[in-house]
Amino acid sequence: MECVKFRQQAAPFGSRRRFPIPAAKGREAVPLLTSSQLDQSPQYSPDGTRIAFESARSGNREIWVANADGTGAVQVTSVGGPTTSNAKWSRDGKRIALASFKSGEREVYTVSADGGALSQVTKSGSGDGPSSWSRDGKWIYVNSRRSGRQEVGRVRPDGSESVQVTRDGGASAQESMDGKTLILRTSSLRRFPLLNGMASGTGEDLGILENGDYSYAVAKNGIYFALHRGATISYLDFATLRVTPVWTAPSPNTLFFGLSLSQDEKSLLFVTRAPRERDLMLIENFR
């Protein structure tokens, strides 16, 4: 694996990188997208051919889509501020769920992956934002404070039905690959059986990241995760709960929000941070 680091000068926030994961520790990741403005929160499309991400390169924080190799970046939202973020691909790759203040409050919307008008999904006035789509594509998991505290809910993509999924707090929900369990953040990262669309019981404590903000990406047999402002991306094996470092940055306080695993589990997208810059990196062919 040959990797070359790109450093973006005078970039106040970030750009994306990718790397091949096996034997990646101690190597520098490959630069993927560059900008003099904020770039963060990358998401591979389900077929692995495109990447959705948040960028301020147009002057406002909007959603952009690029090819998987970083070429052909196009802006797909034009809300005009203050922030459009949290891009999450639908399972068929045709639409992207996102959070926007278009109505004055932070709500969930969807937009065509090719751009166009936004369709409003939630109207709760409770700061809703999308976490992920269900594996069957019929629901969008949502972070919301409708109950007065942070909980996970799910809503139909057309907004016609909404259900609260957690009762004891939670955020950042992602289903397992088989759709049978739900991984989410409470006081720690936990895995819950899904029963009739609800997180059942108290869940299994995965024993990592009890404090702090972090990003994670669900794989077939485990989870890749990274602490915000940390320096290491690690892998947790579901069967053994063993944590293995995958890649370590050359300096501390490097990683920023955003971690995405390709469908074939061979490439990992992430965002790095420096005093005046962030870069999006890629690790590929890591298995």
For the stretch 141-152, in residue order, the Karplus 3J(HN,Hα) values (coefficients 6.51, -1.76, 1.60; θ = phi - 60°; whole Hz; Gly and Pro = x) are 6, 10, 8, 8, 10, 4, 7, x, 9, 5, 9, 9
Per DSSP, the loop-located GluC sites (Glu not before Pro) within the stretch 123-232 having at most 16 other beta carbons within 10 Å are Glu161, Glu210
Residue by residue through the stretch 234-243, the couplings from Karplus 6.51 cos²θ - 1.76 cosθ + 1.60 with θ = phi - 60°, in Hz, x for Gly and Pro, are 10, 10, 9, 7, 4, 5, 10, 6, 7, 9
Along the stretch 120-137, Karplus-curve 3J(HN,Hα) (6.51, -1.76, 1.60; θ = phi - 60°) to the nearest Hz, with x for Gly and Pro, reads 6, 9, 10, 9, 8, x, 10, x, 5, x, x, 9, 5, 9, 5, 5, 7, x
In the stretch 69-174, the trypsin sites (Lys or Arg not before Pro) that sit in a DSSP loop and have at most 11 other Cβ atoms within 10 Å of their own Cβ are Arg149, Arg167
Quick calc, the stretch 92-180, dipole around Cα centre from Cβ unit charges on Lys, Arg (+) and Asp, Glu (-), nearest 20 debye, gives 180
Between Tyr214 and residues 5 or more places away or on another chain, the pairs with built amide H atoms under 5 Å apart involve His228
For Val163, the net charge from surrounding residues (Cβ-Cβ under 13 Å; K, R +1; D, E -1) works out to +3
A correct fewest-to-most ranking of Tyr235, Tyr141 by other Cβ atoms within 10 Å would be Tyr235, Tyr141
Quick shape check on the stretch 173-227: root eigenvalues a ≥ b ≥ c of the Cα gyration tensor, a/c under 1.5 is rounded, otherwise prolate if a/b tops b/c, else oblate, and it reads oblate
Most exposed first, judged by fewest Cβ atoms within 10 angstrom, Thr181, Thr202 run Thr202, Thr181
Applying the gyration tensor rule to the Cα atoms of the stretch 98-196 (axes a ≥ b ≥ c; rounded if a/c under 1.5, else prolate if a/b exceeds b/c, else oblate), the class is oblate
By Cβ neighbour count within 10 Å, fewest first, Ser55, Ser160, Ser144 rank Ser160, Ser144, Ser55
Amide H proximity to Val121 below 5 Å, modelled H, separation 5+ or other chain, gives Val108, Tyr109, Thr110
Of the listed links Lys123/Lys266; Lys102/Lys266; Lys88/Lys266; Lys102/Lys180, those spanning more than 27 angstrom between alpha carbons are Lys123/Lys266; Lys102/Lys266; Lys102/Lys180
Note on the stretch 88-146: alpha-carbon gyration tensor, axes a ≥ b ≥ c; rule is a/c under 1.5 for rounded, else prolate if a/b larger than b/c, else oblate; result oblate
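Laboratory data are not the source of any read-out in this text; all were calculated from the coordinates shown. Just so it is clear, the structure is predicted and the values come from calculations on it, not from any experiment. All Cβ positions, even for glycine, are placed from backbone atoms using ideal geometry, and neighbour counts span all protein chains on display.
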